[in-house]
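Heads up, the thing below is written out as structure tokens.
The values are calculated or read from the model by the stated rules, or taken from the named source; none is laboratory data. The structure displayed is predicted, hence computed values, not measured ones. Cβ placement follows ideal geometry from the backbone for every residue including glycine, while neighbour counts extend to all protein chains displayed. Accessible surface areas use protein heavy atoms only, side chains included; no ligands, DNA or RNA. Shrake-Rupley method; radii C 1.70, N 1.55, O 1.52, S 1.80 Å.
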Amino acid sequence: MATLLRKIGLIRLHNRDTEDPKHHHHHRSSSSQQGSSLRGRGNQKNSSNKPQPQGPPGGGGGGCSSSSSESSPGGHKNKKAPELAKQPPQPEPAAGKEAAQRPGPGPGSGCGSGPAPLVPLPSGSGPLAPAGRQQHCTQVRTRRLMKELQDIARLSDRFISVELVDESLFDWNVKLHQVDKDSVLWQDMKETNTEYILLNLTFPDNFPFSPPFMRVLSPRLENGYVLDGGAICMELLTPRGWSSAYTVEAVMRQFAASLVKGQGRICRKAGKSKKSFSRKEAEATFKSLVKTHEKYGWVTPPVSDG
């Protein structure tokens, strides 16, 4: 019995002495690795059926906190971080309830795409309303024409005189009493006992910033830049040639010079001399000649030539 016990003790001592502690440790490590790899495969199978958690916008693969290692099997930290970084960031919804609930730009911000609401301006500020603008233009035109009448009445040489048509301040009949006394037109006036050349001037709403419409009424003239219907070919009577500084007296003096320069004569032909000028024909002729001269240019003689 004692001999048997000694043999058993010797066998145990021999086995303990002959065991390689490194081999024993390696055996434990390999077995733990096999177990962890089996657990990892199982987790991978389970995780493939579950939706992967998305990282924050922009990949989230930068500096991850220590809590991210809990989701990586086998204790491998940051294993899935590069994979998450490769995934493109999910676009945010641009429409829907969330977009509908977002507050739009407030009034006066200048960011809205639609037109701004019309807000009535207080009186005395900002541009005039159409009715106020019309009233202002009427006042300007009235003051200017009243001054023109006073200046013409003060002329010492009685070059022209004015009569209002139907007592309207905006519709004048102007009598041209004088032209160059050395001209053939003046001789015609003397021979036919024509005391004056009668013209009609109508002033538009925006006078003096637009020219009046001027035409000859009588006598019937030929040449002298007087055309069909009594229309007058003068650049300063067009919107392009007009200036608000021109007065009625200055316009009439320019017209008298044009008559002389253009060799104007009083028509003496039988039948034709009795035919009166027509406003409608004059307006049509004036529009036509304006188009022609805008294409080929204008020639207006200076006052010194008359």
Among (1) basic (Lys, Arg); (2) closer than 30 Å to residue 140 by Cα; (3) assigned to a loop (DSSP other than H, G, I, E, B), the one test that residue 275 misses: (2)
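Looking at the range 182-193 only, could you name the residues that are open to solvent by less than 30 Å² (accessible area, probe 1.4 Å) and not in a helix (DSSP H, G or I)?
183
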When residues of the range 258-280 are limited to those that are crowded, with 20+ Cβ neighbours inside 10 Å and small (Gly, Ala, Ser), the one nearest to residue 186 (Cα to Cα): 264
Condition broken by residue 206, with the remaining ones in (1) without any contact (Cβ under 8 Å) to a residue 12 or more places away in the chain; (2) open to solvent by 50 Å² or more (accessible area, probe 1.4 Å) satisfied: (1)
Cβ pairs under 6 Å, 6+ apart, first in the range 219-233 and in contact (Cβ under 8 Å) with a residue 24 or more places away in the chain, second among the acidic types (Asp, Glu): 228/281; 229/281
Boolean, residue 222 is open to solvent by 20 Å² or more (accessible area, probe 1.4 Å), of a type outside the set (S, T, N, Q) and touching a Phe, Trp or Tyr at 6+ places or on another chain (Cβ under 8 Å): no
Residue 213 vs. criteria of a type outside the set (S, T, N, Q), within 37 Å of the chain's Cα centre (by Cα) and more than 26 Å from residue 265 (Cβ to Cβ): no
Residue selected from the range 148-176 under the condition within 27 Å of residue 267 (Cα to Cα) and touching a Lys or Arg at 6+ places or on another chain (Cβ under 8 Å), by the criterion most open to solvent (accessible area, probe 1.4 Å): 163
Only one of 174, 179 that is part of a loop (DSSP other than H, G, I, E, B), in contact (Cβ under 8 Å) with a residue 60 or more places away in the chain and hydrophobic (A, V, I, L, M, F, W, C): 179
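Quick test for you: out of 223, 200, 206, pick the one residue that is closer than 19 Å to residue 283 by Cα, among the polar types (S, T, N, Q) and in contact with a Cys (Cβ under 7 Å, 6 or more places away or on another chain).
After applying the criteria, what remains is 206.
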Unique residue being of a type outside the set (Phe, Trp, Tyr), open to solvent by less than 20 Å² (accessible area, probe 1.4 Å) and over 12 Å from residue 248 (Cα atoms) when the list is 179, 140: 179
